[in-house]
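Heads up: the structure comes next, in structure tokens.
The values are calculated or read from the model by the stated rules, or taken from the named source; none is laboratory data. From a predicted model like this one, the values you see are computed outputs, not experimental measurements. Please note: Cβ atoms are built from the backbone with ideal geometry, for glycine as well, and neighbour counts cover all protein chains shown. For the accessible areas, the whole protein counts, side chains as well, though only heavy atoms, and no ligand, DNA or RNA atoms are used. Shrake-Rupley method; radii C 1.70, N 1.55, O 1.52, S 1.80 Å.
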Amino acid sequence: MAQDIVRDQIKNSSGQKIAVVMDLDETVLDNSLYQVERHRLGLGFTQDSWSAWVKREEAGLVPGAKSFIDFLRKQPVRLIFLSNRMNENLAPTKSNLRKLGVLRADDLYLLRIDKPDTKIKRRSEIIEGKGRMKKAGAFFVIAYFGDSSGDFPASSEDAFGKTHFMLPNPMYGKW
């Protein structure tokens, strides 16, 4: 279904540079092992433990993520990964994606630099072609994929199933 909707959005894009924006964690990358390990230790999330996990490059793929990304690779869209992973973890993130067979050199990554670097700010950079997106330019986003409400621009609930697609994360997050 999402594939058909993406195809329709591409047809209606009027020759603009188009993109699909995807969250990484629990949308593409399955980090349930991190959650299990922390639970067994009786510990919760910390940025230090999370960074150590990311550097291990052991995340798997969320079921269906690779086949959907493979579908997107055949479309005239740019894939932009928008994640709250810290930008200092970009290299191990890309390495993990390479191991899983979903890395491509022309993908764009907007990971978090610091606390004020919100997804709202980074989504604006994509649409306006500013900040880190200045070199790539502005994009018309035809679809957003994520696992919690913060992965989507503020808009009406009518966008879900049309341009916003949520794979609810059963471990944490806001839906």
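On a C-alpha basis, how far is the centre of the stretch 115-158 from the centre of the stretch 1-51 in Å? Whole number, if you could?
Taking the Cα centre of each part, the stretch 115-158 and the stretch 1-51 sit 14 Å apart.
Filter K11/K162; K66/K94; K119/K162; K74/K130 down to the pairs with a C-alpha to C-alpha distance above 23 Å, please.
Result: K74/K130 exceed 23 Å.
Is the stretch 45-126 best put as rounded, prolate or oblate by its Cα gyration tensor, with a ≥ b ≥ c the root eigenvalues, rounded for a/c under 1.5, and otherwise prolate when a/b is larger than b/c, oblate when not?
Working: a/c = 2.17, a/b = 1.20, b/c = 1.82.
Oblate, since a/c reaches 1.5 and b/c is not below a/b.
Using the Karplus curve 6.51 cos²θ - 1.76 cosθ + 1.60 with θ = phi - 60°, what ³J(HN,Hα) values do you get for each residue of the stretch 110-124, in whole Hz, with x for Gly and Pro?
For the stretch 110-124, the Karplus-derived couplings read 10, 8, 6, 8, 7, 4, x, 7, 7, 5, 4, 4, 5, 4, 4 Hz, x marking Gly and Pro.
Select from I10, T118, L24 the residue farthest towards the positive end of the dipole of the chain; place +1 on Cβ of Lys and Arg, -1 on Cβ of Asp and Glu, and compute about the Cα centre.
I10
Of the beta bridges DSSP finds with both residues in the chain, what % are antiparallel, to the nearest 5?
Working: 2 of 21 bridges.
Here the share of antiparallel DSSP bridges comes out near 10 percent.
Using R₀ = 22 Å, calculate the FRET efficiency as 1/(1 + (r/R₀)^6) where r is the Cβ-Cβ separation of R38 and K115; round to 0.05. Please list the in-between numbers first.
Working: r = 22 Å, r/R0 = 0.99.
My answer for the efficiency is 0.50.
Find the accessible area per residue for the chain; the probe is 1.4 Å, ligands and nucleic acids are left out, and the unit is Å².
Details: 9300 Å² over 175 residues.
Accessible area per residue, the chain: 53 Å².
Could you check the simple spin-label distance between S124 and N87, using points 7 Å along Cα→Cβ, in nm with one decimal?
1.6
In nanometres, what is the gap between the two model label sites at A154 and K134, each 7 Å from Cα along Cα-to-Cβ?
Label-label distance for A154 and K134, simple model: 2.7 nm.
What spacing in nm lies between the two simple spin-label points modelled at K55 and R104, each 7 Å away from Cα in the Cβ direction?
Output for this residue pair reads 3.1 nm.
Counting only residues 5 or more places away or on other chains, whose amide H sits under 5 Å from the amide H of R85 once H atoms are built in the peptide plane?
R112
For every other residue with a beta carbon closer than 13 angstrom to the beta carbon of S155, add +1 if it is Lys or Arg and -1 if Asp or Glu, then tell me the sum. Display every interim value, and only then the final one.
Working: positive: R123, K162; negative: D151, E157, D158.
Local charge sum for S155: -1.
How large, in percent, is the carbon and sulfur part of the accessible surface of the stretch 20-175 at a probe radius of 1.4 Å? Present the calculation step by step, with values, prior to reporting the outcome.
On the way: 4570 of 8030 Å².
Of all accessible area on the stretch 20-175, carbon and sulfur atoms account for 57 percent.
Which of the peptides 103-115, 38-50 is most tightly packed, and how do the rest follow, going by the mean number of other Cβ atoms within 10 Å of each residue? Provide the component values of the computation, followed by the final result.
Details: 103-115: 13.5, 38-50: 10.8.
Averaged packing, sorted descending, gives the order 103-115, 38-50.
Going highest first, how would you order 24-34, 131-141 by mean Cβ packing within 10 Å?
On the way: 24-34: 20.7, 131-141: 15.4.
Going by the mean number of other Cβ atoms within 10 Å, highest first, we get 24-34, 131-141.
What does the charge dipole of the stretch 66-133 about its Cα centre add up to, to the nearest 20 debye, if the Cβ of each Lys and Arg holds +1 and the Cβ of each Asp and Glu holds -1? Spell out each step's value before the answer.
Details: 17 positive and 8 negative charges, 32 e Å.
About 160 debye.
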